[in-house]
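Heads up: the structure comes next, in C-alpha cells.
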Amino acid sequence: MRTKVTLILLFLNVALFFFIFKFERGWRTEEASMEARSRVLGAETADIRSLRISGFGFTTVNLDRQKDEKWALTEPIEWPANPHAVNRIINELQFLKHETSFSVADLQKNDQSLADYGLDNPRLTVSFTSSSTPEDGDNDAAISLFIGDETKVGNRLYVLSSDRSRVHVVNLSLAHSLTIPVEDLRADTVFSVPVFEARSLNLQNAANLRVRVRRDGNQWAFEAPIIARASKPNVELSINALNALRVRNFASIDTTEHNPRNNTTLRITLEGNNRRETLILGEAIGATAITEAATETNNNNPRTAPDIEYYAMLEGKTTLFTLSLPAVLIDSLLNAQVALRETRILDFSPDAVTQLTLNAPNQPVLTLQRLEANAQPDALNPSLWQIVRREGNQGPQTQSADDQNVRRVIEKLSLLSAQKFASDAPSDADLEAWGFNRPEREINITIDSGNSAKTLSLQIGVGVQPDNYAYVRVGNARYIYLIDSEILHETPASPLNYRQRLLRELPEAAKIEQLTIIDLEDNRIVFETTVSENIDENIKALVAQLRSLRAKRFVSSSFTDKVEVTAELQPWRYRLDTTISLPSSTSEQTEISSLYLSPRLGGATQLAGSAEFDTVFEVMQPLLDSLWTLIYAETDPGPPPAKETAPATETDPQP
C-alpha cells in the first residue's frame, strides 16, 4: 500500500515539474518579452548622467550628475538639485511604457503627418546622456524624446522616439514630471551635510582669521586658532541651524559690488564624508522682519534681535542669492572662538577618579586615594577613600576619608565652568597679575581610563585685586579661564575637611550600660543613669548618637586639654563617660569611653574632644539637643506660660 502511494506521489511530482518546465517558463518568457517590447527606452536609462529639458515657452533646464553622485542644476541657475524631483523624472524615463505605437512611415499612407500629433514642432524635448554615451561633447550622441499633443481621450500623450521613426502613446504623467517648476527642481537647502555626517566646521572672516572645529570621536575640538575643547551642543546646534538655512531670493550679478567673493563677511565650510560644501557670505543687506519666534520670551527676557539678510554664493557656483541668518547664529559664527568653546574646564567622569591631590600655599600636599575598585565599606573601614599625608621625613600616613565630602569635591571639579575666557595668549605680566607665580590651588586628578591612567592638572590663581573671581589654567595650556572664586572654598587642602565623619559604630551586640556627665569645673555629677529598656525618649536619642558617633566638623587633628571658647583657650567644661559592654567568647568586657565637652557656643554649636579618637570636633545637632536637656535642664525656663483670655460676655443682638 505504501509503495503504491509513493509511486503516485512520484508521478505527480514528475508531471508538475514537466508542466513548469514546458509551459510556465514559456509564459514568463513571453511576459518578459512583451514587457520589453512595451518599453519606450532600453538599457541606456540605467545610468543617466545628464538631463536637458527644453521647449517653446518653457525655461530650459540642464541637470548634471556630479562626481559625488549628487545632481545639480546648471541652467537656468547653478544650484544643487532636488534629488526627489530628479529621481521622479529618471523613474518616468526608466519605466516609460507605451499603450500603443506606430511607425512614422505609416502616417503618409493615412494622409497624416507629425503635425497632426504636435510632433513637427514638439512643445517639449527631453534629452539625456548616460555612462555609455561617448564623452566627446557631441550633442547628437544624446538620446532625446519629443513630446507632442495629448490624446483626445484617455489622458495619454504622443511621444516621438529619438530616431524620429516611431510615435508612442504614453501616460500623461511623463509631461507632468518634465514640467516641474524650476523652484521645485532646485534644492531648498543651502547645506546638505547632516550633523551626524559632519566631520569639521571651518570659518574664515573678513580679517582672514580662520577657525576650524573638528569632530574628535564623540566630541568636538578646536584645531585653529587654538587647540581646545569645543562645546558639543553649541557646535551641533550651529550645524543644524546651517542645514536649516533657506534661500530668500535669487539675484543676478550685474556688478561686482554685491559679489560675495569681492566683499566677504564670512566663509562657512562643512566637511562630510568625502565631500565639502562652502557658503560665502557677502555684505549684509539689513535686518528682516522680526519673526514671532524671535520675540518669544526666555526667562522673561524678550528676544527682539531680528534675522539678518546677506548676499551669498556657494563655492564653485556663479549664482548670487540672498538668505537670512538668525542673529544668534551669525553672532555664534563670527565669534566662534568664544561662542563654540566648551565652558566646562575639565572633561572626566567622577566615577573614574582614583586619586586627587590638593596643594595650597604653606600647607603640606594632601592626597585623597581611592581604595581598590572591588573594595566594599565595612565596620572596620567604612570608606572607599583614604587620606594620605606625608610630613617631613616620615613615611606616608593614611586615614579613612569621608566618601561624601570627597565625592562632592570631585563633582564640583567635574562641573567647574568658565564664566569668561580671560586670555588665549597671556603675557608673563598677566600670569603674575593673576596669581600664577604662587597659585592658591594646584590640583591633580588621576583618571582610570581602562588600560592606563592619565592625570589632569590645573592651577587656580587669584588676582592682585581680590574679587569674586579666580583664574584657572589646565596643564601646560596657555589659555586662561575666569571662574567663580567659590571653588577655592569648595576645595580646601586641609585633611580635616575630608576626614571620615563617622568616629564610632558599635557592633549590634555591644551595649551601653551607663551614662555619666560630670561638670569638670567642680567635679560635680550633673547627670547619671543606668541604661535600660524603660529610659525616656531623650536618653534613647543620646544612646543612639553615642552608638553611632559622628562629627559635624573637625576642629583639630589631635586632642588637646584646652579648647578655644570665645577666642580664649579654656579647659573642657564637661566630661561624658559612656560605659560600654562588649561581649566576647569567654566573658563580657567593659570599657569606659570619655567625651570632653565645651559649653554650648550657640544654637547649633558645641565642641567635643576625644583622646580615644585623638580629635576635636563639632557635635551633630541631635547629640547637641540631647546634651542640652541633660546639662541645662535646671536652668531651662521652659516654654512661656499661656496667656489667660478674658471670658466672653454676652451682648444683645444688634437689630
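The values are calculated or read from the model by the stated rules, or taken from the named source; none is laboratory data. These numbers come from a predicted model, not from an experiment. Cβ atoms come from the backbone with ideal geometry, glycine included; neighbour counts cover every protein chain shown.
Given the structure, is Ile487 assigned to a strand (DSSP E or B) and within 22 Å of Arg407 (Cβ to Cβ)?
Numbers: assigned to a strand (DSSP E or B): no; within 22 Å of Arg407 (Cβ to Cβ): yes.
The answer is no for Ile487.
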**Request:** Would you check if there is a residue in the range 268-281 being farther than 30 Å from Ser200 by Cβ and modelled with pLDDT under 90?
**Result:** no
**Message:** Step by step: first the residues of the range 378-394, then only those that are at pLDDT below 75 and either among the β-branched types (Val, Ile, Thr) or exposed (fewer than 13 other Cβ atoms within 10 Å of the Cβ) (or both), then the one that is nearest to Ile410 (Cα to Cα). Which residue is that?
**Reply:** Asp378
**Complete:** Restricting the range 199-234 to residues that are touching an Asp or Glu at 6+ places or on another chain (Cβ under 7 Å) and part of a loop (DSSP other than H, G, I, E, B), the one surrounded by the most Cβ atoms within 10 Å (Cβ to Cβ) turns out to be Ser231
**Request:** Residue by residue through the range 329-339, note down the ones that are crowded, with 16+ Cβ neighbours inside 10 Å and either closer than 13 Å to Pro225 by Cα or at pLDDT below 90 (or both).
**Result:** Ala336, Gln337
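Tell me, which residue of the range 412-427 that is touching a residue at least 24 places away in the same chain (Cβ under 8 Å) and either out of contact with any strand residue (DSSP E or B) (no Cβ under 9 Å at 6 or more places or on another chain) or on the phi > 0 side of the Ramachandran plot (or both) is surrounded by the most Cβ atoms within 10 Å (Cβ to Cβ)?
We begin by selecting, within the range 412-427, every residue touching a residue at least 24 places away in the same chain (Cβ under 8 Å); these are 412-426.
Next, only the ones that are either out of contact with any strand residue (DSSP E or B) (no Cβ under 9 Å at 6 or more places or on another chain) or on the phi > 0 side of the Ramachandran plot (or both) stay: 412, 425.
Values: Lys412: 14, Ala425: 10.
My answer is Lys412.
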**Message:** Just to verify a result, which residue in the range 51-90, among those that are closer than 20 Å to Tyr158 by Cβ and outside any loop (DSSP other than H, G, I, E, B), is farthest from the chain's Cα centre (by Cα)?
**Reply:** Gly55
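Looking at Leu157, Leu93, Leu145, which is the one that is part of a strand (DSSP E or B), touching a residue at least 40 places away in the same chain (Cβ under 8 Å) and aliphatic (A, V, I, L, M)?
Details: Leu157 fails: touching a residue at least 40 places away in the same chain (Cβ under 8 Å); Leu93 fails: part of a strand (DSSP E or B).
Being part of a strand (DSSP E or B), touching a residue at least 40 places away in the same chain (Cβ under 8 Å) and aliphatic (A, V, I, L, M) holds for just one of Leu157, Leu93, Leu145, which is Leu145.
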**Prompt:** Got a number for residues in the range 96-122 being in contact (Cβ under 8 Å) with a residue 24 or more places away in the chain and either assigned to a helix (DSSP H, G or I) or in contact with a His (Cβ under 6 Å, 6 or more places away or on another chain) (or both)?
**Reply:** 6
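Mind telling me which of the residues Leu237, Leu245 ends up being within 16 Å of Glu309 (Cβ to Cβ), surrounded by 15 or more Cβ atoms within 10 Å (Cβ to Cβ) and of a type outside the set (Phe, Trp, Tyr)?
Working: Leu237 fails: within 16 Å of Glu309 (Cβ to Cβ).
Only one candidate passes the filter, namely Leu245.
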**Request:** State whether one or more residues within the range 296-315 are of a type in the set (Lys, Arg) and at pLDDT below 80.
**Result:** yes
**Request:** Kindly provide the set of residues from the range 514-549 that are assigned to a strand (DSSP E or B) and among the small types (Gly, Ala, Ser), ordered by number.
**Result:** Ser548
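Scan Thr566, Thr560, Thr530 and give me the residue that is assigned by TED's automatic domain parsing to the domain that holds Asp614 and on the phi > 0 side of the Ramachandran plot. If you could, list the steps in order and put the result at the bottom.
On the way: Thr560 fails: on the phi > 0 side of the Ramachandran plot; Thr530 fails: on the phi > 0 side of the Ramachandran plot.
None of the others qualify; the one that does is Thr566.
Quick grid of which residues meet (1) over 30 Å from Ser558 (Cα atoms); (2) loosely packed, with under 11 Cβ neighbours inside 10 Å; (3) at pLDDT below 70; (4) of a type in the set (A, V, I, L, M, F, W, C):
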| position | (1), (2), (3), (4) |
| --- | --- |
| Ser587 | yes, yes, no, no |
| Leu597 | no, no, no, yes |
| Arg600 | no, no, no, no |
| Thr605 | no, no, no, no |
| Val619 | no, no, no, yes |
| Pro639 | yes, yes, yes, no |
| Ala646 | yes, yes, yes, yes |
**Item:** Cross-chain or 6+ apart pairs with Cβ under 9 Å, the range 342-357 first and over 29 Å from Ser238 (Cα atoms), then part of a loop (DSSP other than H, G, I, E, B) and aliphatic (A, V, I, L, M)
**Value:** Thr354/Ala373; Thr357/Val365
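Let's see how each residue does on (1) surrounded by fewer than 17 Cβ atoms within 10 Å (Cβ to Cβ); (2) among the polar types (S, T, N, Q):
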residue: Tyr481; (1), (2): no, no
residue: Arg499; (1), (2): no, no
residue: Leu503; (1), (2): no, no
residue: Pro507; (1), (2): yes, no
residue: Glu513; (1), (2): yes, no
residue: Asn523; (1), (2): yes, yes
residue: Thr529; (1), (2): yes, yes
residue: Glu537; (1), (2): yes, no
residue: Leu542; (1), (2): no, no
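Considering every residue within the range 418-440, establish whether at least one is in the same structural domain as Ile487 (by TED's automatic domain parsing) and under 12 Å from Leu356 (Cβ atoms).
no
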**Message:** Report every pair of residues separated by at least 6 positions or lying on different chains whose Cβ atoms are under 8 Å apart, first residue within the range 175-200 and at negative phi and modelled with pLDDT under 90, second β-branched (Val, Ile, Thr) and assigned to a loop (DSSP other than H, G, I, E, B).
**Reply:** Val182/Ile77; Arg186/Ile77
**Asked** Out of all the residues in the range 550-568, is one or more more than 30 Å from Asn405 (Cα to Cα), in contact with an Asp or Glu (Cβ under 7 Å, 6 or more places away or on another chain) and not in a helix (DSSP H, G or I)?
**Response** no
**Request:** Return yes or no: is Ala251 loosely packed, with under 14 Cβ neighbours inside 10 Å, modelled with pLDDT under 90, more than 20 Å from the chain's Cα centre (by Cα) and within 27 Å of Asp64 (Cβ to Cβ)?
**Result:** yes
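When you scan the range 344-459 for strands (runs of 3 or more DSSP E) that lie fully inside it, which ones turn up with 3 or more residues that are in contact with a helix residue (DSSP H, G or I) (Cβ under 9 Å, 6 or more places away or on another chain)? I'd like the intermediate steps shown before the answer.
Details: elements: 353-359, 366-370, 385-389, 397-400, 420-423, 441-448.
Per the criteria, 353-359, 366-370, 385-389, 420-423, 441-448.
Quick check on the range 259-274: of everything there that is out of contact with any Ser or Thr (no Cβ under 9 Å at 6 or more places or on another chain) and outside any strand (DSSP E or B), which residue is surrounded by the most Cβ atoms within 10 Å (Cβ to Cβ)? Write out each step before concluding.
If we filter the range 259-274 for residues that are out of contact with any Ser or Thr (no Cβ under 9 Å at 6 or more places or on another chain), which is where we start, we get 259-261, 264-266, 273-274.
Applying the additional criterion that residues be outside any strand (DSSP E or B) yields 259-261, 264-265, 273-274.
Working: Asn259: 18, Pro260: 23, Arg261: 14, Thr264: 17, Thr265: 19, Asn273: 9, Asn274: 8.
The residue in question is Pro260.
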